[in-house]
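As structure tokens, the structure follows; a few thoughts come after it.
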Amino acid sequence: MNLILLGAPGAGKGTQATGLSEILNIPHISTGEIFRDNIRRNTELGKLADTYISKGELVPDNVTVQIVKDRISQKDCSKGFILDGFPRTIAQAEMLEDILTTEGKSIDKVVNIVIDDEAVVKRLSNRIVCPSCGETYHLEFNPVEDNKCKKCGEQLVHRDDDKPDVIRNRIAAYHRQTEPLVEFYRGKGKLMNVLSESSIEESLQNTLYALGLKGI
Ligand code: AMP
């Protein structure tokens, strides 16, 4: 199954994608995580991406699309993949269609995780992440005792782009550039809306239900 997770920053795309990836046994592809990995390794791509990410702006389409193209052509994506944070513009969505058509593939379903802006601000300012494996936690809803990652033991941090002024820019970028994708995919009959709940488990159940996978 080839899936896209849509939704504002902080809607829980990453968390849900992780759960779905385990259940469906297909890779979770997060463009944001690919960029952050490159920033950590100080690659040329990382340096370029950081100039946009640190301001809450989108990395240019040509850079982002090439990364996704390379990733989904890898063997582990042959049975399906979950795109998290991509596409984020109509142009990216159109380029994605061209890429998939060339490979004889298509997107099966698009899950739109619905959340309001106020909840996003609250959620992102309370989010802490593992700089090593990318696992996310929430100071209120998914806390850790010693500020160490439960998976790999690394010291947890706030993401640089989870600062209030950057969060506001990211939300604005979402409404301006990404939200039109909701209508784009609705028009193609692929969209399903699910509500973002404060409980990770409930959100995942909503998504499984929308995908017709409840009970597996
Ligand atoms: P995320 O982890 O999905 O919240 O992404 C973090 C940041 O990476 C975003 O605010 C953008 O600056 C950048 N980014 C991630 N995915 C994309 C994309 N598909 N197109 C452009 N920029 C992106």
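Taking (1) free of Cβ contacts under 8 Å to residues at least 60 places away in the same chain; (2) more than 10 Å from the ligand (Cβ to nearest atom); (3) of a type in the set (A, V, I, L, M, F, W, C); (4) touching a Lys or Arg at 6+ places or on another chain (Cβ under 9 Å) in turn, Ile34 satisfies each apart from (2). Among the residues of region 125-136, are any surrounded by 16 or more Cβ atoms within 10 Å (Cβ to Cβ), without any contact (Cβ under 8 Å) to a residue 40 or more places away in the chain, β-branched (Val, Ile, Thr) and part of a strand (DSSP E or B)? Yes: one or more hits. Just to be sure, is His158 closer than 25 Å to Val59 by Cβ, exposed (fewer than 15 other Cβ atoms within 10 Å of the Cβ) and modelled with pLDDT under 95? It is true that His158 is closer than 25 Å to Val59 by Cβ, exposed (fewer than 15 other Cβ atoms within 10 Å of the Cβ) and modelled with pLDDT under 95. The residue that is nearest to Thr89 (Cα to Cα), counting only those in region 179-208 that are in a helix (DSSP H, G or I) and in contact with a Gly (Cβ under 9 Å, 6 or more places away or on another chain), is Thr207. When the residues of region 46-96 are filtered to those that are within 11 Å of the ligand (Cβ to nearest atom), surrounded by fewer than 15 Cβ atoms within 10 Å (Cβ to Cβ) and free of Cβ contacts under 8 Å to residues at least 12 places away in the same chain, the one that is farthest from Pro164 (Cα to Cα) is Asn62.
Looking across region 14-27, just one residue is within 12 Å of the ligand (Cβ to nearest atom) and either touching a helix residue (DSSP H, G or I) at 6+ places or on another chain (Cβ under 6 Å) or assigned to a loop (DSSP other than H, G, I, E, B) (or both), and that is Thr15.
The values are calculated or read from the model by the stated rules, or taken from the named source; none is laboratory data. Just so it is clear, the model here is predicted, and its values are computed rather than measured. With ideal geometry, Cβ positions are generated from the backbone for all residues, glycine too; neighbour counts draw on all protein chains shown.
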